[in-house]
Amino acid sequence: MLDTLDLEILMHRDVHFGGSFDVMASYYEEDGVGVMPDFETHRIYELKLIEEETGSNLAESMLPEPAKAQVERAKGVYLDLRSVYEEDKGEIPRMISDLILSEEEYPKGEIHEIVKHGSTMVMPLIDLLLADRFYDPLYPGYGRAPILAAQCLEKIQDEKAIPPLFQALGQDNFFTDESIIHALISFGDKAKSFLLKRLLQKPASKDNERAAVALSSFPYDPEIGTAFISVLTDEELADKKTLALYAACGCSEIIDEEQRKEFLNLASLSHLNNEIKNEIELILLIWKKHKVS
């Protein structure tokens, strides 16, 4: 019997490796940039053997119809990208395709070529950043394309990229979020101002939480510390448990003595639940232990 992971291997084999177990196994043995950490080379060979013994294509016989449809969609995207070269669709589509299809960990040449064209590449990069399918490792780029798009936008430094970079946060992928936040930080005060507005906006939504996560990664800034304290003192915002936790954690970077006194007083606020108060007490304990001022 095949399990869920086996079915995923079959899907990736058919999309990325032309349906060949041998090509896929060789790629995994060489630790290519698109390897999935849960796929083991020995299992790829075992599935190849099962297929040979049964005399039937495992993908055809075992994949459910929705999975087959997803494979066809992903293969279709590969065909679309390759048609850019075959039909000479222009320089910009070619550069974007080069970026997506690169097999380098850091495609320096492709990124340099895009950045060289400056703001003319911003909208194509934003389109790539916001295209849901490219976050899926089954599709061309192995889920890496949004990271590469964020790195390009960081280098181009066109402020139009700030809102879409923020919009792209929260895809449940640590490495993608890390690259996006790094890009946002590179825009300095412009990005900080944008994020502070999202942090304090009402009614609260996931945007407040995403802003809190991003701001927590910025270098220490009293303005950010004040905003996090404002979240915790505001009953409506602090009622959002996840947002309040992010804000409390963000306050841990505060070094201004007056702000620390404000933070100390938060522990007595009746509208904060015990989990938030425990987090506050923990931060106070750490400050006391390290005597940072």
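The values are calculated or read from the model by the stated rules, or taken from the named source; none is laboratory data. Because the structure is predicted, anything quoted here is derived from the model rather than measured. For neighbour counting, all protein chains shown are included, and Cβ atoms are generated from backbone atoms with ideal geometry for every residue, glycine included.
Assorted remarks:
- Scanning the stretch 27-66 for residues that are of a type in the set (Gly, Ala, Ser) and in a helix (DSSP H, G or I) turns up Ala59, Ser61.
- Residue in the stretch 202-225 that is surrounded by fewer than 20 Cβ atoms within 10 Å (Cβ to Cβ), polar (S, T, N, Q), touching a His at 6+ places or on another chain (Cβ under 9 Å) and outside the structural domain of Met121 (by TED's automatic domain parsing) present: yes
- Residue match in the stretch 259-272 (condition: assigned to a helix (DSSP H, G or I), of a type in the set (Phe, Trp, Tyr) and either more than 29 Å from Phe175 (Cα to Cα) or assigned by TED's automatic domain parsing to the domain that holds Leu169 (or both)): yes
- Scanning the stretch 143-174 for residues that are surrounded by fewer than 20 Cβ atoms within 10 Å (Cβ to Cβ) and closer than 30 Å to Met24 by Cβ yields Gln171, Asp172, Asn173, Phe174.
- Evaluation of Gly170 against (1) of a type in the set (Gly, Ala, Ser); (2) within 20 Å of Asn265 (Cβ to Cβ); (3) at pLDDT below 95 (one fails), failing number: (2)
- Filtered residues of the stretch 234-247 (kept if in a helix (DSSP H, G or I) and either under 27 Å from the mean Cα position of the chain (by Cα) or among the small types (Gly, Ala, Ser) (or both)): Leu237, Ala238, Lys241, Thr242, Leu243, Ala244, Leu245, Tyr246, Ala247
Quick grid of which residues meet (1) surrounded by 15 or more Cβ atoms within 10 Å (Cβ to Cβ); (2) outside the structural domain of Gly143 (by TED's automatic domain parsing); (3) within 19 Å of Pro140 (Cα to Cα); (4) without any contact (Cβ under 8 Å) to a residue 60 or more places away in the chain:
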{"residue": "Asp6", "(1), (2), (3), (4)": "yes, yes, no, yes"}
{"residue": "Met11", "(1), (2), (3), (4)": "yes, yes, yes, no"}
{"residue": "Val15", "(1), (2), (3), (4)": "yes, yes, yes, no"}
{"residue": "Tyr28", "(1), (2), (3), (4)": "yes, yes, yes, yes"}
{"residue": "Asp38", "(1), (2), (3), (4)": "no, yes, yes, yes"}
{"residue": "His42", "(1), (2), (3), (4)": "no, yes, no, yes"}
{"residue": "Lys48", "(1), (2), (3), (4)": "yes, yes, no, yes"}
{"residue": "Glu52", "(1), (2), (3), (4)": "no, yes, no, yes"}
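- Residue within the stretch 179-186 that is of a type in the set (Val, Ile, Thr), over 30 Å from Ser97 (Cα atoms) and either at pLDDT 95 or above or surrounded by 20 or more Cβ atoms within 10 Å (Cβ to Cβ) (or both) present: no
- Any chance Val231 is modelled with pLDDT of 95 or more, buried (at least 21 other Cβ atoms within 10 Å of the Cβ) and either not small (Gly, Ala, Ser) or not in a helix (DSSP H, G or I) (or both): yes
- Residue match in the stretch 80-89 (condition: surrounded by 15 or more Cβ atoms within 10 Å (Cβ to Cβ) and either outside any helix (DSSP H, G or I) or at positive phi (or both)): no
- Enumeration of residues in the stretch 81-104 that are out of contact with any Phe, Trp or Tyr (no Cβ under 8 Å at 6 or more places or on another chain) and either among the polar types (S, T, N, Q) or under 17 Å from Lys155 (Cβ atoms) (or both): Ser83, Ile92, Met95, Ile96, Asp98, Leu99, Ser102, Glu104
- Being touching a Ser or Thr at 6+ places or on another chain (Cβ under 8 Å), of a type in the set (Gly, Ala, Ser), in a helix (DSSP H, G or I) and surrounded by 22 or more Cβ atoms within 10 Å (Cβ to Cβ) is a property that Gly250 has.
- The condition (being at negative phi, assigned by TED's automatic domain parsing to the domain that holds Ile276 and among the β-branched types (Val, Ile, Thr)) is satisfied by just one residue among Ile229, Ile156, Ile181: Ile229.
- Those residues of the stretch 2-19 which are at negative phi and not charged (D, E, K, R), in sequence order: Leu2, Thr4, Leu5, Leu7, Ile9, Leu10, Met11, His12, Val15, His16, Phe17
- Looking only at the stretch 94-132, and only at residues there that are of a type in the set (Gly, Ala, Ser), out of contact with any Asp or Glu (no Cβ under 7 Å at 6 or more places or on another chain) and part of a helix (DSSP H, G or I), the one that is surrounded by the most Cβ atoms within 10 Å (Cβ to Cβ): Ser97
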